[in-house]
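The values are calculated or read from the model by the stated rules, or taken from the named source; none is laboratory data. Given the structure is predicted, the values throughout are model-derived calculations rather than measurements. Positions of Cβ are generated from backbone atoms using ideal geometry, with glycine treated the same way; all protein chains shown enter the neighbour counts. The accessibility values were calculated without ligands, DNA or RNA, using every heavy atom of the protein model including side chains. Shrake-Rupley method; radii C 1.70, N 1.55, O 1.52, S 1.80 Å.
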Amino acid sequence: MYTATTAVKGATKTETEGSRTKQKEYQLIKLKNTWCCVENEEEIGKTWNEDKMIISQAKIGETITESGVSWTVKTPIYFCYKVIETQNLLDPNNMTLLYGHVSDPQEVEVYKKKIQKRLVVMDITVEKLYGSKIRKYFEANNIIYKILALETMEETKSMELVLTILEEVHKFGIDRRTEPIIAIGGGVCLDIVGLAASLYRRRTPYIRVPTTLLSYVDASVGAKNGVNFCNCKNKLGSYTPPAATFLDRSFIKTIPRRHISNGLGEILKMALMKHRGLFELLESHGKYLLDTKFQSRNGLASHGDAALTTTRLAIQTMLEELAPNLWEDDLERLVDFGHVISPELEMKVLPALMHGEAVNIDMALMTYVSYESGLITAEEKNRTIQCMITLELPVWHKDCNLPLIKKALGERFKHSGGKLRLPLPTGLGSAEIFNDVNEETMKRAFEKWTEECQELAT
Ligand SMILES: NC(=O)c1ccc[n+]([C@@H]2O[C@H](COP(=O)([O-])OP(=O)(O)OC[C@H]3O[C@@H](n4cnc5c(N)ncnc54)[C@H](O)[C@@H]3O)[C@@H](O)[C@H]2O)c1
């Protein structure tokens, strides 16, 4: 018995003599509005004019056995989305909010000639602060708009709010191709709107405008959205990136100081995992960033443009990790640092801890796991915890106890293919994924963490 494989431009054939199994892989071409399978290169050349056809990247495999035929569809799904820094997003002369997601300037001119409609979903606090400016923006640009102000909080992050949004989208009526839904708010608002948009007519484009630091550097950047379900964090959701994210740091000036720390937690995650320079920036300028709420454009001489550099590095490092793994097919993800125990902790004590705070408590514990595993030195551990304190982040929590840790690790184990994949720092700004951390190490780390950090808890 032998297997012969012939690869040609159109199809790949494998015939296994003896077993009577025939396998073929077809290319797909479109000509005159119809797609068809093509078996080989000669057929393409002979039958059709190559200039007039579209060749798809999709392929159909066919396996013929004695018991029947099976087809395998392989089709790459392509997404393109933009993350754009801008200033004065709500200045009526700034066209970013309306057309920043469109790449082709000629297309923009076509849109401008039509009456445009926009449905804007906003966090209710954000609406109180910025609603009148947003209304003026749309009115100055002759846009038909509707603002839907919702109480988007972790406690209300549910399918009910998704359905409320969908009903409004349906009543308002938008051109699905050209009139994206706009979400303006913190991570909760962006996550809920993202899920609603992914469901409406199976996928409707949407825009994210983050207004908290955490959503600016994290929730805005990737493809994920979601809502809580059955008391589990983000249990329902999808991987549907926005058409674009527009970043205007000036929104951050109205968030409370605690929320700045909350966002700094996610920035610190990227620093600890992959960028020592970012970690050192946070060490030296963290307090200044908190005091100035990321508003200084040039900063004090000694701080340079710390706000701009910090946010840019956080986003760039995040995009590097997310872009090649948008659908999280690869489960070995450094961005999961701080997200191993924190989902259970955050939901258990809701609303006592904000997302970035729960993430930080998890990171503090994992810093001790790393130390107990011999991956970082005592000095590196102490500098990490000290930096967290400078950023006014909690480093310990009484509800993060051994039973909760065990439960959370069990959940992660279940959802990552029967392997516990722990991202752990191996230095300041470097990390690896480990799947051999045992119960004994975890217990030792927990005890040392409690001994050293309990009294630092705020
Ligand atoms: N999709 C993702 O990839 C991703 C990544 C990280 C976090 N998240 C999600 O993000 C959520 C946390 O986001 P968050 O920290 O932004 O919390 P949030 O959305 O709850 O906002 C926090 C609070 O800030 C208020 N607020 C928002 N903007 C304001 C402004 N400019 N001025 C004054 N107040 C303002 C809101 O009213 C809210 O009460 C979590 O649900 C988390 O799961 C998602």
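What the table below lists for this structure:
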quantity: In segment 199-244, the residues that are away from the ligand (no atom under 12 Å from the Cβ), of a type outside the set (A, V, I, L, M, F, W, C) and not in a strand (DSSP E or B); calculated: Y200, R201, R202, R203, T204, P205, N231
quantity: Enumeration of residues in segment 316-326 that are in contact with a Gly (Cβ under 8 Å, 6 or more places away or on another chain) and buried (at least 21 other Cβ atoms within 10 Å of the Cβ); calculated: M318
quantity: Among residues of segment 62-87, those that are more than 21 Å from A223 (Cβ to Cβ) and loosely packed, with under 11 Cβ neighbours inside 10 Å, counted; calculated: 6
quantity: Any hit, segment 12-20, residues being at pLDDT 90 or above and surrounded by 15 or more Cβ atoms within 10 Å (Cβ to Cβ); calculated: no
quantity: Answer from E411, E357, E392, E346 - the residue that is within 16 Å of the ligand (Cβ to nearest atom), in contact with a His (Cβ under 7 Å, 6 or more places away or on another chain) and not assigned by TED's automatic domain parsing to the domain that holds V217; calculated: E346
quantity: Number of positions in segment 327-343 that are within 11 Å of the ligand (Cβ to nearest atom) and surrounded by fewer than 23 Cβ atoms within 10 Å (Cβ to Cβ); calculated: 4
quantity: Segment 121-136, subset near the ligand (Cβ under 9 Å from one of its atoms) and closer than 12 Å to L90 by Cβ, residue nearest to the chain's Cα centre (by Cα); calculated: V126
quantity: Filtered residue count, segment 427-443, keeping only those that are in a loop (DSSP other than H, G, I, E, B) and open to solvent by less than 50 Å² (accessible area, probe 1.4 Å); calculated: 3
quantity: Residue in segment 350-357 that is touching a Pro at 6+ places or on another chain (Cβ under 6 Å), buried (at least 22 other Cβ atoms within 10 Å of the Cβ) and farther than 22 Å from T441 by Cβ present; calculated: yes
quantity: Answer residue from segment 59-108, given it is touching a Leu at 6+ places or on another chain (Cβ under 9 Å) and part of a strand (DSSP E or B) and is nearest to Q27 (Cα to Cα) among those; calculated: K59
quantity: Evaluation of V110 against (1) away from the ligand (no atom under 16 Å from the Cβ); (2) among the hydrophobic types (A, V, I, L, M, F, W, C); (3) open to solvent by less than 20 Å² (accessible area, probe 1.4 Å); (4) free of Cβ contacts under 8 Å to residues at least 60 places away in the same chain (one fails), failing number; calculated: (3)
quantity: Selected residue (criterion: farthest from the ligand (Cβ to nearest atom)) from residues of segment 185-194 that are assigned to a helix (DSSP H, G or I) and open to solvent by less than 10 Å² (accessible area, probe 1.4 Å); calculated: V193
quantity: Among (1) open to solvent by 20 Å² or more (accessible area, probe 1.4 Å); (2) more than 30 Å from P324 (Cβ to Cβ); (3) within 9 Å of the ligand (Cβ to nearest atom), the one test that E154 misses; calculated: (2)
quantity: Some residue of segment 126-136 being open to solvent by 30 Å² or more (accessible area, probe 1.4 Å) and outside any helix (DSSP H, G or I); calculated: no
quantity: Out of L289, L264, sole residue that is surrounded by 24 or more Cβ atoms within 10 Å (Cβ to Cβ) and more than 22 Å from the chain's Cα centre (by Cα); calculated: L289
quantity: Residue among I182, I144 that alone is surrounded by fewer than 21 Cβ atoms within 10 Å (Cβ to Cβ) and not hydroxyl-bearing (S, T, Y); calculated: I144
quantity: Any helices (runs of 4 or more DSSP H) falling wholly within segment 270-369 and containing at least 2 residues that are in contact with a strand residue (DSSP E or B) (Cβ under 8 Å, 6 or more places away or on another chain); calculated: 306-322, 342-349
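Residue-wise test of (1) aromatic (F, W, Y); (2) surrounded by fewer than 18 Cβ atoms within 10 Å (Cβ to Cβ); (3) assigned to a loop (DSSP other than H, G, I, E, B).
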position: P394; (1), (2), (3): no, no, yes
position: K407; (1), (2), (3): no, yes, no
position: G410; (1), (2), (3): no, yes, no
position: P425; (1), (2), (3): no, no, no
position: A445; (1), (2), (3): no, no, no
position: K448; (1), (2), (3): no, yes, no
position: Q454; (1), (2), (3): no, yes, no
